Amino acid sequence: AHVQGRVEWNGVGVLRDGHRVKVLGNVGSPADAVAAVAAGAEGVGLFRTEFCFLSAGTEPSVEEQREAYAAVLAPFEGKPVVVRTLDAGADKPLAFLSPDPEPNPALGVRGLRVAFDRPDVLTRQLDAIALAAADTGADVSVMAPMVATAAEAAWFVERARAAGIRRAGVMVEVPAAALAAREILAVVDFVSLGTNDLAQYVFAADRQVGAVAALNDPWQPALLRLVELVGDAGTELGKPVGVCGEAAADPLLACVLTGLGVTSLSMNHTALAGVGAKLATTSFDLCQLAARGAVAAADPASAKVAARAPH
Ligand code: PEP
Ligand code: MG
């Protein structure tokens with residue numbers, strides 16, 4: 001059993017009625033990977049590859065990238081790992097990919113947008129990921145950050161397939177992508193909601209500015225309504241919908257997200273046992289009740305009260 005504080009969890013994300021929700025780790029380094037496995041992660045829902053190269057002055061070679069990725073993938077032989085392609089720009093500039101100075105970096109050339117100008121960089125990264133997957137036996141998927149349209153998603157999937165990677169998905173962290181969830185899910189194998197950026201963009205509230213932090217609350221009903229759109233589309237199309245933003249790390253909110261149709265939750269290793277243990281106490285019916293109440297609430301505090309009612 002995995003113990004965190006007084007919470008015990010058996011390391012499988014399953015509700016008391018047998019409904020499965022994968023409980024996964026967010027990682028950015030080999031140390032994170034080891035910590036996630038020790039805490040019971042069933043795999044990785046978000047590997048932030050840009051964290052490997054924050055201090056790199058020039059683009060790492062395919063061989064250097066292969067080694068860096070393999071070091072993170074190694075503990076996950078036979079387990080699912082979602083590797084996110086470089087999310088450079090805004091708060092995470094990479095020296096070798098920095099765009100010209102922009103007036104609004106969060107709204108500028110970041111995430112997958114960088115790859116439209118530099119598809120060669122993306123191709124080399126995908127090749128390195130495929131090699132590292134073969135080296136380690138991890139069950140690797142790739143995922144693109146900051147996707148806004150189905151056309152962008154299709155562009156990415158085509159390149160992932162060309163690199164021989166079996167499963168490709170995109171993050172839903174731009175409100176337009178949530179509104180186009182059906183069209184996007186039609187061209188990808190899965191999506192994962194990045195609730196940190198999704199909140200920032202839907203509330204027009206910079207996630208790095210403390211003065212607007214109350215708007216970036218993951219319990220905001222307006223944010224949950226976007227999650228509901230994506231969850232419904234995933235259920236309809238029979239494709240996985242994950243959450244890999246901070247929202248997934250809150251045990252009660254994890255129940256709400258499950259009720260909204262989310263099929264995997266990815267978080268920092270410190271949150272795994274708490275979320276896994278909470279899920280084991282609830283059922284899909286109760287999660288749906290909690291979700292209906294939270295989505296219909298007027299504000300974050302009432303959303304929490306509504307989610308707690310059946311729990
Ligand atoms: C997010 O935006 O919610 C997310 C998981 O990605 P990052 O925090 O790396 O931007
Ligand atoms: Mg993000």
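The values are calculated or read from the model by the stated rules, or taken from the named source; none is laboratory data. These numbers were taken from a predicted model, which means no experiment stands behind them. Cβ atoms come from the backbone with ideal geometry, glycine included; neighbour counts cover every protein chain shown.
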Query raised in the report: Do we have any residue at all in segment 214-228 that's within 16 Å of ligand 1 (Cβ to nearest atom) and without any contact (Cβ under 8 Å) to a residue 12 or more places away in the chain?
Result: no
Report summary line: Note on R182: of the conditions (1) more than 16 Å from the chain's Cα centre (by Cα); (2) of a type outside the set (V, I, T); (3) within 16 Å of ligand 2 (Cβ to nearest atom), unmet is (3)
Query raised in the report: Restricting attention to segment 124-155, which residues are part of a helix (DSSP H, G or I) and within 17 Å of A74 (Cβ to Cβ)?
Result: A128, I129, A130, L131, A132, A133, A134, D135, T136
Query raised in the report: Got a sec? Which of T270, T258, T282 is more than 21 Å from the chain's Cα centre (by Cα), more than 16 Å from ligand 2 (Cβ to nearest atom) and at pLDDT 95 or above?
Result: T282
Query raised in the report: Going through segment 32-48 one residue at a time, which ones are more than 16 Å from ligand 1 (Cβ to nearest atom) and hydrophobic (A, V, I, L, M, F, W, C)?
Result: A33, V34, A35, V37, A38, A39
Query - Residue, surrounded by the fewest Cβ atoms within 10 Å (Cβ to Cβ), within segment 75-123, restricted to residues that are outside any helix (DSSP H, G or I), in contact (Cβ under 8 Å) with a residue 60 or more places away in the chain and away from ligand 1 (no atom under 16 Å from the Cβ) - result: G78
Query - Selection status of V170, within 14 Å of ligand 2 (Cβ to nearest atom) and in contact with a helix residue (DSSP H, G or I) (Cβ under 6 Å, 6 or more places away or on another chain) - result: yes
Query raised in the report: Does segment 127-142 contain any residue that is within 16 Å of ligand 1 (Cβ to nearest atom) and either under 30 Å from E228 (Cβ atoms) or surrounded by fewer than 16 Cβ atoms within 10 Å (Cβ to Cβ) (or both)?
Result: yes
Query - Residue that is among the small types (G, A, S), under 21 Å from A176 (Cβ atoms) and surrounded by fewer than 24 Cβ atoms within 10 Å (Cβ to Cβ), where the choices are A211, A280, A205 - result: A205
Query raised in the report: Hey, does segment 159-168 have a residue that's touching a Leu at 6+ places or on another chain (Cβ under 6 Å), away from ligand 1 (no atom under 16 Å from the Cβ) and outside any helix (DSSP H, G or I)?
Result: yes
Query raised in the report: Which one of these is of a type in the set (D, E, K, R), at pLDDT below 95 and over 25 Å from V72 (Cα atoms): R166, R207?
Result: R207
